[in-house]
Amino acid sequence: MKSNLRTLLLLSLFMAFSAIGGMVKIPAVIGTIAIDSMPALLIASLYNGRWGAIVASGGHLLSSYYVGFPLGPFHVLIAIEMAFFVWLFGYVFSKGKRVFAAILFFIGNGILAGIPFIFIFSPSFYYAILPPLLLASFVNLTVAHFLYPPLESRLKRGKIA
């Protein structure tokens, strides 16, 4: 029971961080590109990719909620994509290939995640969201990169759950 409560509390805490990051927007055609995946990347690297996937999908839905779901039900598709790329990041990161994990996330979240919108909307929509997606992916990875070492050392010393 204690372990389940600890898991729930950690997921809630990182989801709250993701909600706060969702308020920090990257200027784009749509207002849902934000710093919401950084907490998901952190929990995926500190614990596991499954937890990161939960935080990533919830964080995106919260970030979209703040601006009124401008893409409607397609935000569920984006949340699934983000969950997959954060899970993949966490999986590769846990195998000790940290740089490769970051590269995969950058390419996946920054380039591949927008490809369905070429067919859903238009190629011009994809080209309009590509630079902000790349910037957001880079910023999320960079902030997570700098927060990871101190959090990992505190985790090893038993200072955090």
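Bear in mind that the values in this text are calculations on the coordinates, not laboratory data. Nothing here was measured: the structure is a model prediction, and the numbers come from that model. For neighbour counting, all protein chains shown are included, and Cβ atoms are generated from backbone atoms with ideal geometry for every residue, glycine included.
If only the Cβ of Lys and Arg carry +1 and only the Cβ of Asp and Glu carry -1, the dipole of the chain around its Cα centre is close to 760 debye.
Can you give the angle from 0 to 90° between the axis of helix 123-156 and the longest principal axis of the chain, with both taken from C-alpha atoms, to the nearest 10? So the inclination is approximately 10 degrees. Rounded to the nearest 10 degrees, the inclination of helix 74-94 to the longest alpha-carbon principal axis of the chain is 40 degrees. Around the amide H of Ala34, modelled in the peptide plane, lie the amide H atoms of Ile26, all under 5 Å away and 5 or more residues distant in sequence or on another chain. Short-range pairs are left out: with C-alpha atoms under 8 Å and at least six residues apart, the relative contact order of the chain is 23 percent.
Note on Ile107 and Ile30: the extension gain reaches 25.7 nm, defined as 0.36 nm multiplied by sequence separation minus the Cα-Cα distance.
Multiplying the residue separation of Ser94 and Ser122 by 0.36 nm and removing their Cα-Cα distance gives an extension gain of 6.4 nm. Rounded to the nearest 10 degrees, the inclination of helix 49-66 to the longest alpha-carbon principal axis of the chain is 50 degrees.
Taking only the C-alpha atoms of the range 80-158, Rg followed by Dmax gives 14.8, 51 Å. Computed from the Kirkwood radius of its Cα pairs, the Stokes-Einstein diffusion coefficient for the chain at 37 °C and 0.692 mPa s stands at 210 µm²/s.
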